[in-house]
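The values are calculated or read from the model by the stated rules, or taken from the named source; none is laboratory data. Owing to the predicted nature of the structure, the values given are computational and were not obtained by experimental measurement. Here the Cβ positions follow ideal geometry from the backbone for every residue, glycine too, while neighbour counts run over all protein chains shown. Side chains included, ligands, DNA and RNA excluded: accessible areas come from the protein's heavy atoms. Shrake-Rupley method; radii C 1.70, N 1.55, O 1.52, S 1.80 Å.
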Amino acid sequence: MVDATFGHPRLAAIYDPLDPDRSDLDAYLAMAEEFGARSVLDIGCGTGVFALLLAERGIAVTGIDPARASVDVARGKPGAERVRWLDGDAGDLPPMQIELVTMTGNVAQAIADPQAWRTTLRGAYEALRPGGRLVFETRDPAQRVWEEWAEWTRETTYRMTDIPGVGHVETWAELTDVSLPLVSFRGTHVFAVDGDVLTSESTLRFRERAEIERDLHEHGFVVEDVRDAPDRPGREFVFVARRDTAKPLPPGMP
């Protein structure tokens, strides 16, 4: 199920102005340069911020996301014609030979369903050329960030944002459930222009490092490195995994 934050047209349209600081993407841009990637597949591309940054650097980019509303926002941005936009998930990818696959931000954790996670890893593997890399981040469960989120209430997270062409939008967030490894929260948006109230229900899966390494290995990857996230030092894992063989995955591998 697509989170309404990304899947509802009215919420997708205000996602960027509500979260304008995307300095977290600097590390991914640096890795694309480090690995000399000239072609990138961005899984969970959302409103296309990262894909467009890559395209500006002359990199051939494909962005895919199951949230059609978010991809529509991306398609309407300046420079969008330089990116190949796809609606769907990693199981819907056409044949390709990509040098780098990325999942930025919360994308990996937002794939909470185990079968969808396996489909994503298989799709990433099949999209990569031999020697190509998959890069993504995920929070370290040992940091127990949900204990900080337990303090989220309307009062502690309330914001009023004036968005050009939209007007004032009130927002706040609340933690709704902790059933590890799943953590859920709700976002509320109130549009002053007409009083419309929209909520989004989000769930993240917190995977242990050893679990992720096992999943990657089972899907044909070699873990090259597990790095620290520059924007959240000591709180996240950044996985760098390489497709190490041209052989297909064994038949029946999900």
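Under DSSP H, which helices of the chain have Cα atoms covering 18 Å or more of the helix axis and a Kyte-Doolittle average no less than -1.0? Taking the DSSP H segments of the chain (at least 18 Å long, mean hydropathy at least -1.0), we get 114-127. Considering only the other residues whose Cβ falls under 15 Å of the Cβ of R235, what net charge follows from Lys and Arg at +1 and Asp and Glu at -1? Combined, the nearby Lys, Arg, Asp and Glu give -3. Rounded to the nearest 0.05, the FRET efficiency derived from the C-beta distance between E208 and E151 at R0 = 25 Å is 0.50. The string of couplings for segment 78-87 from the Karplus curve (6.51, -1.76, 1.60, θ = phi - 60°) is x, x, 4, 5, 8, 10, 8, 9, 10, 9 Hz, one whole number per residue in order, with x for Gly and Pro.
Entry comment: accessible area of segment 144-233 is 56 Å² per residue, from protein heavy atoms only and a probe of 1.4 Å.
Dividing the summed helix terms, -39500 (n - 2.57) for each DSSP H run of n ≥ 4, by the number of residues in the chain produces a 222 nm estimate of -7000 deg cm²/dmol to the nearest 500. Across segment 93-106, computed HN-Hα scalar couplings (Karplus, 6.51 cos²θ - 1.76 cosθ + 1.60, θ = phi - 60°) run 6, x, x, 7, 10, 9, 8, 8, 10, 10, 9, 8, x, 8 Hz from first to last residue, x flagging Gly and Pro.
Ordered from highest to lowest accessible area with the whole protein assembly present and a 1.4 Å probe, E155, E137 read as E155, E137.
Under the combined filter of DSSP loop state and at most 14 neighbouring Cβ atoms within 10 Å, segment 27-111 retains these trypsin sites (Lys or Arg not before Pro): R38, R57. Other residues lying with their Cβ under 12 Å from the Cβ of G88 contribute a combined charge of -3, Lys and Arg counting +1, Asp and Glu -1.
Put simply, the amide H of I98, placed in the peptide plane, has neighbours under 5 Å in L128, R129, leaving out anything fewer than 5 places away on its chain.
Seen through its C-alpha gyration tensor, with square-root eigenvalues sorted a ≥ b ≥ c, segment 1-145 comes out rounded because a/c lies under 1.5. Relative to the current alpha-carbon distance between R227 and D244, full extension at 0.36 nm per residue lengthens the span by 4.2 nm.
Starting from the Cα gyration tensor of segment 192-242, take the square roots of the eigenvalues, sort them a ≥ b ≥ c, and report rounded, prolate or oblate (rounded when a/c is under 1.5, otherwise prolate if a/b is larger than b/c, else oblate). Judged from the Cα gyration tensor, segment 192-242 comes out prolate (a/c at least 1.5, a/b above b/c).
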